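For reference, the structure is listed below as structure tokens.
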Amino acid sequence: MPEFAINPFTHQLLTFLQEKGWQPYLVGGYVRDSLLKRPSHDIDIVVASEARRAARLLADHFGGAYYDLDSERDFGRAIFLPTQADDLPLEVDVTSFQGKDINSDLADRDFTINAMALTLTPEPRLIDPFHGYEDLQACLLRPATPDALKADPVRLLRAIRFALALHYHCTEDLITAIPVQAPLLAQVSPERLRDEWHRILAGPHPAGGILLMDRFALLPHLLPELVALHDVEQPEVHQHDAFLHTVTVLRYLNGWLRWLDGSSDRPPGLFSKDSQAHLQPFRSWLKDTLAEPLTADRPRSLALLWGALLHDVGKATTQSRDQDGRLHFFGHETVGQKMAKQVAERFRLSRPEVSRIQQLVQYHMLLHYLFHSVEGAEPPLPKRRALFRLFRDTEEVLPELILLFLADVQGTYERRLIKNDWQRRLQMAAGLLEALRNERDIILPRPLLNGNEVMAILSLPPGPAVGRLLQAMQEAQATGEITDRESAIVWTRQWRDVPSSL
């Protein structure tokens, strides 16, 4: 009998169900993780019948919340709040057999390592009809049955996720089956594809996930816009074609996110000590900012990962050469943001997510342009007018744009990155973060006059001209041309003589 790492609370749940007359089985990922001595915040239990009643009794008895998930399949969930502040809620899903017995139920599961069950009565016993424990020890990912992928094609993506998360090797039959079954992804709802895609994107190795999906011919059925970047040549400064550049940027960005959340002890790439020295003062603030939810269960950081993935999708259709043979991608940001909107909506992302991803793609070159505009300046920071316009246009996504800018530079130069150039980019990034965190009201001041006052001074009717004037006034305040209410009134009166400015 293999050794299990079952926590005391899980043991209490099973004992309670036994006392109430059920024969409960632990199944799926919890059994796998217990064998691997890994913590788990999800418990899957199957019983012969009345699963929803069992889940409700667990919630009532142990002080949790009950959710009725699927009355047809008899599927209920009990959720228990964490006992420690930094822990996660515990979700306990209880289902009835989907076949005549536990072996039939396990036969419906995806991979052998997830098709095991544990029962505590009459004595602890591992039920393993598909030899999942052997595959677990051999670090192999194998379909539980020959039809496992066809039965639920979303398992094609799960294969990628498990291979990455567990560092397992796909068996030859799985490697052969995935490209053959890839067209079946069209049968899966966009919402299920989105959720599985997000587990890969937010996982420890999102760039590796993209490469595996590309290798196994899944990407054309999920993100053909990314596939189109293959063999798109870039200017000499780049180390990769547009596809591999995108994947590399995603890898660096993930490295930054892992450093921010503490999963990694240093920032990614060359000169990590310099990166840490410049960005450490903002580490906690950035972590909290990117953890802010855009939907109930999806944070800002996930939209940032999407932004990195799609930042250059417009290059496939905008490549051109000038008369000297130099490559250009004029307007790829604008083309790309339109494509990003289509992709995000296809994956059923929320409106706030779609908007942010579009902004990240539309403005991802802006900090590159700003950096080159301050070349030679000490410190390398934009002047007040440029800073105002940057904040005006991008404030909502500026933290994300700064991280994407750094990852984009790293993904462009890779090992050819020059230390002094990188330090200056870090200086600019740190300066922008400092301004965003502590000087926002100075850079983006509230107009000293309101719309009614402007209309009274100029005898203007309501309309868009008033809004444009207020925005121009705000910029004049940011640059110091207007310092108080009186100078704002004088400045406004000057517009009488230049109505074309409105």
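The values are calculated or read from the model by the stated rules, or taken from the named source; none is laboratory data. This structure is a prediction, so every number in the text was calculated from the model and none was measured. Using ideal geometry, Cβ is built from the backbone for each residue, glycine included, and neighbour counts are taken over all protein chains shown.
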Enumeration of residues in the range 258-269 that are surrounded by fewer than 16 Cβ atoms within 10 Å (Cβ to Cβ) and more than 18 Å from the chain's Cα centre (by Cα): ASP265, ARG266
GLN474 vs. criteria assigned by TED's automatic domain parsing to the domain that holds LEU366, over 21 Å from GLN359 (Cα atoms) and assigned to a helix (DSSP H, G or I): no
Every residue from the range 434-459 that is assigned to a loop (DSSP other than H, G, I, E, B) and either surrounded by 18 or more Cβ atoms within 10 Å (Cβ to Cβ) or in contact (Cβ under 8 Å) with a residue 24 or more places away in the chain (or both): LEU444, PRO445, ARG446, PRO447, LEU448, LEU449
Failed item, numbered, when TYR168 is tested on (1) surrounded by 19 or more Cβ atoms within 10 Å (Cβ to Cβ); (2) in the same structural domain as GLU3 (by TED's automatic domain parsing); (3) hydroxyl-bearing (Ser, Thr, Tyr): (2)
Spans of helices (runs of 4 or more DSSP H) in the range 170-274 with at least 2 residues modelled with pLDDT of 95 or more and among the β-branched types (Val, Ile, Thr): 172-181, 242-260
Count - residues of the range 314-340 that are crowded, with 18+ Cβ neighbours inside 10 Å and either of a type outside the set (A, V, I, L, M) or under 17 Å from the mean Cα position of the chain (by Cα) (or both): 8
Residue list for the range 114-127, filter: surrounded by fewer than 20 Cβ atoms within 10 Å (Cβ to Cβ) and part of a loop (DSSP other than H, G, I, E, B): LEU120, THR121, PRO122, GLU123, PRO124
Answer residue from the range 410-433, given it is without any contact (Cβ under 8 Å) to a residue 24 or more places away in the chain and outside any loop (DSSP other than H, G, I, E, B) and is surrounded by the most Cβ atoms within 10 Å (Cβ to Cβ) among those: ASP421
First in the range 470-490 and of a type in the set (Asp, Glu), second anywhere and outside any helix (DSSP H, G or I), Cβ under 8 Å, 6 or more apart: ASP484/LEU448
Unique residue being under 18 Å from ALA165 (Cβ atoms) and either surrounded by 20 or more Cβ atoms within 10 Å (Cβ to Cβ) or not basic (Lys, Arg) (or both) when the list is LEU229, LEU223, LEU212: LEU212
Complete set of residues in the range 1-29 that are over 35 Å from the mean Cα position of the chain (by Cα) and either closer than 17 Å to GLY132 by Cβ or of a type in the set (Phe, Trp, Tyr) (or both): MET1, PRO2, GLU3, PHE16, TRP22
Residues located in the range 34-81, provided they are of a type outside the set (D, E, K, R), within 25 Å of LEU166 (Cβ to Cβ) and touching a residue at least 40 places away in the same chain (Cβ under 8 Å): SER34, LEU35, LEU36, HIS41, ILE43, ILE45, VAL46
Single match in ALA151, ALA138, ALA163 (criterion: within 20 Å of LEU223 (Cβ to Cβ) and either exposed (fewer than 15 other Cβ atoms within 10 Å of the Cβ) or in contact (Cβ under 8 Å) with a residue 40 or more places away in the chain (or both)): ALA163
Among (1) touching a helix residue (DSSP H, G or I) at 6+ places or on another chain (Cβ under 6 Å); (2) more than 21 Å from LEU432 (Cα to Cα); (3) in the same structural domain as THR317 (by TED's automatic domain parsing); (4) touching a residue at least 24 places away in the same chain (Cβ under 8 Å) - the single one LEU260 does not satisfy: (2)
Qualifying residue in the range 286-304 (condition: touching a residue at least 40 places away in the same chain (Cβ under 8 Å), more than 26 Å from GLU345 (Cβ to Cβ), over 14 Å from the mean Cα position of the chain (by Cα) and surrounded by 22 or more Cβ atoms within 10 Å (Cβ to Cβ)): yes
